[in-house]
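In what follows, a single structure is set out as structure tokens and then discussed.
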Amino acid sequence: EEFNGAWDEPLNLYTPPKTADEEKASTAHVSSDYIDAVIEDLIADIMQINGCTREIASNLVFSSGYRVYTCMDQKVQKTLEESYLDDSIFPTQKKSVIQPQSAMVVCDPYSGDVLGIIGRRWEKTQSRILCLATQARRSPGSSIKPLSTYGPALELGLITWGSVYDDLPVSKNNGK
């Protein structure tokens, strides 16, 4: 009888009240763009390796007890996050015009390790939102020239570090 009576009794657990700081810390955690990129890469890898759906792979990432080691440099990541909150380092447009965005990936040039990622200007308010550094599908513009043009030309000896190219109109046929 005691067992059945206890079984039917509602369970009331005592939880001490949280301070304002504890409440803010427990509800306000937003992961960095670096962590978001790692999570997205893990999900994609698990989907490919196990041939499973995104939902199953996501559940595995968050509930299987994986230990993930990254190359993130916390100083680099913190510097990126603090810098991207400072509007004074970015060009400004008229108030009615949308302000320009920016994103950055910092790599170690010797090892290729990704040390830090920032995906947008201003404060990040949610985890796993669009990251312009890793998810945007945009042309790299002139930033790709050192890798695609100048690097191979230097390697093949076609140009030197001192080569100069004037930005002049190109003359094709009959002076046109």
Mind checking the range 39-92 for trypsin sites (Lys or Arg not before Pro) that DSSP puts in a loop (not H, G, I, E or B) and that have at most 16 other Cβ atoms within 10 Å?
Arg67
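Sorting Thr134, Thr15 by accessible area (1.4 Å probe), largest first, what list results? The partial results should precede the final answer.
Working: Thr134 60, Thr15 100 Å².
Ranking Thr134, Thr15 by accessible area, largest first, yields Thr15, Thr134.
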Compute the length gained on full extension between Cys52 and Ala20: take 0.36 nm times their separation in residues and subtract their Cα-Cα distance, giving the result in nm to one decimal.
7.4 nm
For the range 62-131, take the convex hull of the Cα atoms, compute a quarter of its surface area, and give me that in nm², please.
6.6
May I ask for the angle, rounded to the nearest 10°, between helix 54-63 and the longest principal axis of the chain, with both axes built from Cα atoms and the value confined to 0 to 90°?
60
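What are the GluC sites (Glu not before Pro) within the range 78-136 that DSSP puts in a loop, where the Cβ has at most 11 other Cβ atoms within 10 Å?
Glu123
Report, to one decimal in Å, the Kirkwood hydrodynamic radius for the range 75-175 based on all distinct Cα pairs. Walk me through the numbers before you get to the answer.
Details: mean 1/r = 0.0578 Å⁻¹.
One decimal place: 17.3 Å for the Kirkwood radius.
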Less than 10 Å Cβ to Cβ from Ser32, Lys/Arg counted +1 and Asp/Glu -1: what total charge do the surrounding residues give?
-1
Cα-based Debye curve of the chain sampled at q = 0.08, 0.09, 0.13, 0.19 Å⁻¹ gives log₁₀ I(q)/I(0) of -0.49, -0.59, -0.98, -1.36
So, with a 1.4 angstrom probe, what is the percent of accessible area on the chain that is carbon and sulfur?
55
Using only alpha carbons, build the gyration tensor for the range 100-154 and give me the equivalent ellipsoid semi-axes, biggest first, whole Å.
26, 15, 8
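How large is the dipole of the range 1-128 about the Cα centre if only Lys and Arg carry +1 and Asp and Glu carry -1, each at its Cβ, rounded to the nearest 20 debye?
Its charge dipole is roughly 840 debye.
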Accessible area in square angstrom per residue, the range 119-159, 1.4 angstrom probe
75
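The values are calculated or read from the model by the stated rules, or taken from the named source; none is laboratory data. Just so we're clear, the structure is a prediction, and the values are computed from it rather than from any experiment. Cβ coordinates were reconstructed from backbone atoms using ideal geometry, including for glycine residues, and neighbour counts include every protein chain displayed. Keep in mind that these areas ignore ligands, DNA and RNA; they rest on the heavy atoms of the full protein, side chains included. Shrake-Rupley method; radii C 1.70, N 1.55, O 1.52, S 1.80 Å.
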